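Bear in mind these aren't lab numbers, they're just calculated from the coordinates by the rules spelled out. Please read all numbers here as calculations on a predicted model, not as lab measurements. As a convention, Cβ positions derive from the backbone with ideal geometry for all residues, glycine included, and neighbour counts pool all protein chains shown.
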Amino acid sequence: MKRIICFTIGCLLFSAIYLQGCMNSGNTIEQRGKEPSVPIPSNFDSLEYYFVDIDLFKIGELEDKKNKSEKERLLLSVLEDDKLDLSLLPHLKNIGYVRGSLDQSLYSAVDSLFFLKTRTDHVDTSCIYEFRDILVFYKNKQCIGIAKICFDCKAMVSWSEKPNFAGFGDWEDYDKLHLLLRRK
C-alpha cells in the first residue's frame, strides 16, 4: 500500500512539474514547431536549375534491378536520398539531369519564394520523395545553397551557407515555383 501511495505522489509531482513547464513556455502547440525566420534577401547572382524526366515506373524498375551500374546507383541516390551531397553537383548531367534555363528576370520571383517571405504552413506528406528538380544558388561563382525538390510530394531538402530557406514550403509555393521553372 505504501508503494502505491509513493508511486501516485511521484506521478502527481511529475505531472505538475511537466504541466507547469508547458504553461510557462508561452507557446501554443501549433507555435512550438515553428522556427521564427526573418526574411532576408539572398542576393544570389546566379541560379542553376536541373531536372530529370523520369517517371515512377522507371524509378521502380531501377530500384528492382539486381546489377545496377554506377550511374544508376548515383541517379537513385540523388532522386531518393533526403540528404545533400555537394560532390554530386558536377555529375548531375552524367546521370540524366538536364540543365534548364531560367531567365534572370525570374530571379526576383524565386528570391521572393525562398527568402523574402515567412512560411505559414508546415507541409507534411506521406509520399515517397523523388527529387527530380534541383536548384543551385550561386553568389560570386560560389555555391551558397541547394534545394532538391519533389513537386509531387511538396517536399524539399535544402542546404544553404548564409541565406535561410525557411520561407519556402507553403503549399502554393511549390505550385508557383513549378510554373516558374517550367516556363518555355
*Amide H of Asp45: which non-local residues (sequence gap of 5 or more, or other chain) have their own amide H closer than 5 Å, using H built in the peptide plane?*
Tyr138, Lys139, Asn140
*Spin-label point model (7 Å from Cα, Cβ direction): what's the Asp53 to Gln142 distance in nm?*
3.7
_I want the local charge near Leu135. Using Cβ-Cβ distances under 10 Å, sum +1 for each Lys or Arg and -1 for each Asp or Glu among the other residues._
-1
*Once amide H atoms are placed 1.01 Å from N in the peptide plane, what residues at a sequence separation of 5 or more from Gly145, or on another chain, have their amide H within under 5 Å of its amide H?*
Phe137, Glu161
_For Glu72, net neighbour charge (Lys/Arg +1, Asp/Glu -1) across residues whose Cβ lies under 13 Å away_ = +1
*So what are the ³J(HN,Hα) numbers for region 140-152, from phi and the Karplus equation (6.51, -1.76, 1.60; θ = phi - 60°), rounded to whole Hz, Gly and Pro as x?*
6, 6, 10, 5, 10, x, 9, 9, 9, 10, 10, 5, 5
_Which entries of Lys71/Lys139; Lys93/Lys154; Lys66/Lys139 have Cα-Cα distances beyond 32 Å here?_
Lys66/Lys139
